[in-house]
Structure formats: structure tokens, C-alpha cells
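The values are calculated or read from the model by the stated rules, or taken from the named source; none is laboratory data. These figures come from a predicted structure and were not determined experimentally. Here the Cβ is made from the backbone with ideal geometry for all residues, glycine too, and neighbour counts use every protein chain on show. Areas reflect the complete protein model, heavy atoms only, side chains present, ligands, DNA and RNA absent. Shrake-Rupley method; radii C 1.70, N 1.55, O 1.52, S 1.80 Å.
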Amino acid sequence: MKSSFIPLSVPNLKGNELKYVTKAIEDEWVSTAGPYIESFEKEVARYVNVKGSVAVQNGTSGIHLALKALGVSNEDEVIAPTLTFIAAVNPITYCGASPVFMDSDQSLGLDAIKLRKFLEEECVVNGNNVINKSTNKVIKAIVVVHVFGNMADMEGIMDVADRYKLPVIEDATEAIGTYYTDGSLKGKYAGTIGKIGVFSFNGNKIMTTGGGGMIVSNDVELLNTSKHLSTQAKIDPLYYTHDEVGYNYRMTNIQAALGLAQLEQLEGFIKNKKSNYKYYQDKLESISGLSLIPFRKETRPNYWFYGMVISEQYSCNRNELMEKLAKEGIQSRPIWDLIHQQKPYRERQAYQINYSSKLLNHVINIPCSSNLTEKEIDRVISTLEG
Ligand SMILES: *Cc1c(COP(=O)(O)O)cnc(C)c1O
């Protein structure tokens, strides 16, 4: 019998999705106004324990608005990791600013030690500004990404950021539900530790609204600015008066209906993903040269994506392994190419990138959907053994 395809990460829509979306359609509230939008904003803010949130079209537009709200503009620079999805970086360019690329540490998030070293050795502080000595430009902010749902070293990063008074934008697009269980940030959720955080509800994320995103913050002014910009910067709804150049980034009521139903199930999704992660981990112990990237110890991660490291001890290289999996109908994906080496960003500054380069040819993501079964994992494992 030919066995079926095992995808990398697919939506799981068995809760109240159909019910809520049907209601939105019956009520004929399908666009950027409607009761589900505000309920979804309220519920997400409550879940991660922040003052408020702004629902947007996707994670990318959320990051764009977060940068705008923080005043990032023409000729500014923003520190960002090179090891991530390019949507964490492109919004910096949308603002007319440039990224300065940093390395990552073993968590796959921004390396706090190199960040400090860069600011100490390569920058000068001039009044309220941090100036990059090699470009003479002002560094305005830091973008941190919680890669695969694993918390970046927020204790280390916030310590440096506070010292230089640089606002941190958390790209928590992959990490809704991840929080610290120990240490000085105990109880804090990914996305709520810096100045402003962004979630994504794209189809491959742990919860989905088809496409969608959410900005979260404890700074009400930043939230107000973000919402204002997301709705064309309109100050008078009748006469259509606008006070700046805004965007059409507001989430729709249908997306929010999906989101509410997904949020109800998020803790269940995390539970399944955690148990599948452990199941993989146990089975992989007997395969020499393969191991899963661990999640940060002092946290409860959301276990979104499983990163598997392929070392020299394994019987074949990364690309051969991916082909082997594909032949068995098992989807996998290599870790991203580094952004500072890609065409739009080759001319940008990149500071001491070593660890990220080392990972490049040795990491893949393996199936991790929240509805993945142990039987399916057994099939993945037997292919890895073969
Ligand atoms: C998914 C993702 C985004 C963008 O989110 P969209 O909703 O797809 O626009 C940004 N950064 C990272 C790291 C992501 O994984």
C-alpha cells in the first residue's frame, strides 16, 4: 500500500472555525469592521497579558507598522538577525531604513553577546542617538526573532538594549504561546518583553487566520499609532481627513472569526506539539548523527517547528536526506539561507556572522503539524533510519 503524504505544517481547523465564520457571513460582516475583530484583539491581549493589541493583515504588515510607530524612517538603521525568514527584515527597507545584520546563538535567536560587542566597539553614543561608526547613521531599533517558537535570549538582549535605550521589536510571529517559566522574566510571553511585539497567523503558523497578524504592546500610544496607520491614517470618518500616509492593513472580520476559534485551541495544539517533539526526541536517540534543536530551558515553548541537526556522523548529507524523505512522501525544509547573502541585502553591513553560517547546511525542519500522529512520526523515523 502506498502511504499518504506527510506535510511539514498544516492548519488544524476542527474547532469552532466553521461556526464563527458562518456567523460572520450570515451577519454580512466580512470586511475590516465587525465584532469579531475587537473580540480577537481583546482575547489575544488577555492571553499574553498585555494592555492591548492591533489586528492586521499579516505578520509582515505588523512588523512594518511597529517600525513606523517607533519612528524608523529614511536613512535610519535597524539591527536584525541574518538567520530568519526575510519578512522580519523587509519591513525595515519599506521604511527607507537599512538593516545591520547580526549573528545568532544556539537558541537560533539574536546573539546578545555579539550585539553588546557591536554596540560597544562599532558604535558611539551621541546624546540620545546611537551612531554606527562605519556608516555614520543612527541605529533606531533592534528586531529580535523567536525562531521556530524558541525564546531568544531576552534577558541578555534587553539588558544591552536598555543600556543603549534602543527599542526592541519582537518578531514573535512563530512564537505565540511561548513564555518564561523562570528567571527575571518569569511569566512573560514572547512578544511582550520588548517595546512592541508581532504575531503571525499565516497558514503554516501554530494558529492561523488564513493570513493575519497582531501587534501587541503595553505602550498604549504605540498601539494607537499602529492602529491609526493600519486604517489609512484617517482622522475623520465622515469627511475622510487624513493626517499622514497610512496603509490598508486592518484585519477582516472573517479572519478574526477564524482567529478566535483557533485561539480557543492553542493550548491543545501546544500540548500535541510538545508530546510529538518528545516522541521524535526519544526515537532519534538511537540514530547516530541526528538530534533535535532544544528549546530554551527556562521557558514553556510553543514547540512550533522542530529543527533537526544533521551532523557528520549521519550516513548522508542534508540534501540527500531531504531527497530520501521526499521519496517517501515526507515534506521537509532546509533552514533559511542567510539574508545578508541574498541579492537585496548583499551590500548591507553584516557583523561577525559565524554561528549562523555553520548551521546553514546542517539543519532541516521535519513534519510538526499539531494533528501529526505517532504513527506518522514512526514513518518519518523509519525513513531517517533507512
Ligand atoms: C511568518 C513569519 C513572518 C511574516 O508573517 P506573515 O504573516 O507571513 O506576513 C515574519 N517573520 C518570521 C520569522 C516568520 O516566520
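Of the listed peptides 217-229, 125-137, 76-88, 336-348, what is their order by residue-averaged count of other C-beta atoms within 10 Å, with the highest listed first?
76-88, 217-229, 336-348, 125-137
For the ranges 41-50, 19-28, what's the packing order if you count other beta-carbon atoms within 10 Å of each residue, average per peptide, and put the highest first?
41-50, 19-28
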Local electrostatic count at THR181 - Lys and Arg +1, Asp and Glu -1, tallied over other residues with Cβ under 14 Å
+3
Cβ-placed point charges (K, R +1; D, E -1), dipole of segment 226-292 about Cα centre in debye, nearest 20:
280 debye
Please give the Cα centre distance for segment 311-328 versus segment 51-81, rounded to the nearest Å.
38 Å
Counting DSSP beta bridges with both ends in the chain, the antiparallel % (nearest 5)
65 percent
Return one whole number: the accessible area per residue of the chain in Å², for a 1.4 Å probe.
44 Å²
Packing-wise, with mean Cβ within 10 Å as the measure, how do 374-385, 106-117 rank, highest first?
106-117, 374-385
To the nearest 0.05, what FRET efficiency results for ASP159 and GLU285 with a Förster distance of 56 Å applied to their C-beta separation?
0.95
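Quick one: grab the alpha carbon gyration tensor of the chain, order the square roots of its eigenvalues as a ≥ b ≥ c, and give me rounded if a/c is under 1.5, else prolate or oblate depending on whether a/b is larger than b/c.
oblate
Using only the Cα atoms of segment 60-138, build the gyration tensor, take square roots of its eigenvalues as a ≥ b ≥ c, and label the shape rounded, prolate or oblate: rounded if a/c is under 1.5, else prolate if a/b is larger than b/c, else oblate. Kindly include the intermediate steps, with their values, before the conclusion.
On the way: a/c = 2.09, a/b = 1.06, b/c = 1.97.
Cα axes put segment 60-138 in the oblate bin.
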Computing the accessible area with a 1.4 Å probe over protein heavy atoms, can you report the carbon and sulfur percentage for the chain?
49 percent
